[in-house]
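S.K.: Next up is a structure, given as structure tokens.
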Amino acid sequence: MGLGWALLGAGAAVALSGIGSSIGIGWVGQASAGAMTEDPENFGRYLILTALPGTQGIYGFVAAFLLLIKINVVGGAPVALSPAQGWNLFIACLPIAVLGLVSALHQGKVCAAGVGLTVKRPADSMKAVVLAVFVEFYAVLGLLVTIFLVMGIKI
């Protein structure tokens, strides 16, 4: 029972942050593809903006991988977890799961707007990246809290 909760937490970290990333990248990718019909020489600038919402999915994967290492799923036979330990590990994964989902969606919107800025003022494209990084900060905080919680749970 405990192992199931822990695995559900790892799955939620990957799935929710990955869903947010894929939707966010989709929005920016659509905006970038449209922008390139009129401004193809700025592909590199659009690529940076398109990639940014994908980092939350990576953060969810990192959190899940650390949890799976902790409970020895990656290394062989999983450790025996009590239901309370499994539940605690599940809860520990929620910060990156939820913040990864929400911040990737909002970062996708900020980056899509940044594509519009880049079309009109290519020299200001890094301003759009800076604005998107402010949203990224909260996903990083979610990852750090998840790491601290997972590592702090005694098994």
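S.K.: Could you tell me how many of the residues in the range 36-59 are acidic (Asp, Glu) and open to solvent by less than 30 Å² (accessible area, probe 1.4 Å)? Explain how you work it out, then say what you get.
M.R.: At the first step, the residues of the range 36-59 found to be acidic (Asp, Glu) are 38-39, 41.
Subset that is open to solvent by less than 30 Å² (accessible area, probe 1.4 Å): 39.
Total satisfying the criteria: 1.
S.K.: Quick check on my filter: what residues within the range 4-29 are within 18 Å of Val74 (Cα to Cα), open to solvent by 30 Å² or more (accessible area, probe 1.4 Å) and of a type outside the set (A, V, I, L, M)?
M.R.: Just the residues of the range 4-29 that are within 18 Å of Val74 (Cα to Cα), to begin with: 4-14.
Restricting the remaining residues to those that are open to solvent by 30 Å² or more (accessible area, probe 1.4 Å) gives 4-5, 7-8, 11, 14.
The answer is Gly4, Trp5, Gly11.
S.K.: Any idea which of Lys120, Lys127 is surrounded by fewer than 22 Cβ atoms within 10 Å (Cβ to Cβ), out of contact with any Leu (no Cβ under 8 Å at 6 or more places or on another chain) and of a type in the set (D, E, K, R)?
M.R.: Lys120 is the lone residue from the list that is surrounded by fewer than 22 Cβ atoms within 10 Å (Cβ to Cβ), out of contact with any Leu (no Cβ under 8 Å at 6 or more places or on another chain) and of a type in the set (D, E, K, R).
S.K.: From the list Val115, Val135, which residue is closer than 23 Å to Glu38 by Cβ, in contact with a helix residue (DSSP H, G or I) (Cβ under 7 Å, 6 or more places away or on another chain) and outside any loop (DSSP other than H, G, I, E, B)?
M.R.: From the options Val115, Val135, the qualifying one is Val115.
S.K.: For the range 26-62, give me each residue that is of a type in the set (A, V, I, L, M, F, W, C), touching a residue at least 24 places away in the same chain (Cβ under 8 Å) and over 25 Å from Val102 (Cβ atoms).
M.R.: Across the range 26-62, the qualifying residue is only Ala35.
S.K.: Applying the selection to the range 87-112, what residues are closer than 17 Å to Ala33 by Cα and open to solvent by 20 Å² or more (accessible area, probe 1.4 Å)?
M.R.: Filtering the range 87-112 for residues closer than 17 Å to Ala33 by Cα gives 108-112.
Within the range 87-112, Lys109, Val110, Ala112 meet the criteria.
The values are calculated or read from the model by the stated rules, or taken from the named source; none is laboratory data. All values derive from a computational prediction rather than experimental measurement. So basically every Cβ, Gly included, is an ideal-geometry build from the backbone, and we count neighbours across all protein chains shown. Heavy atoms of the whole protein, side chains included, go into the accessibility calculation; ligands, DNA and RNA do not. Shrake-Rupley method; radii C 1.70, N 1.55, O 1.52, S 1.80 Å.
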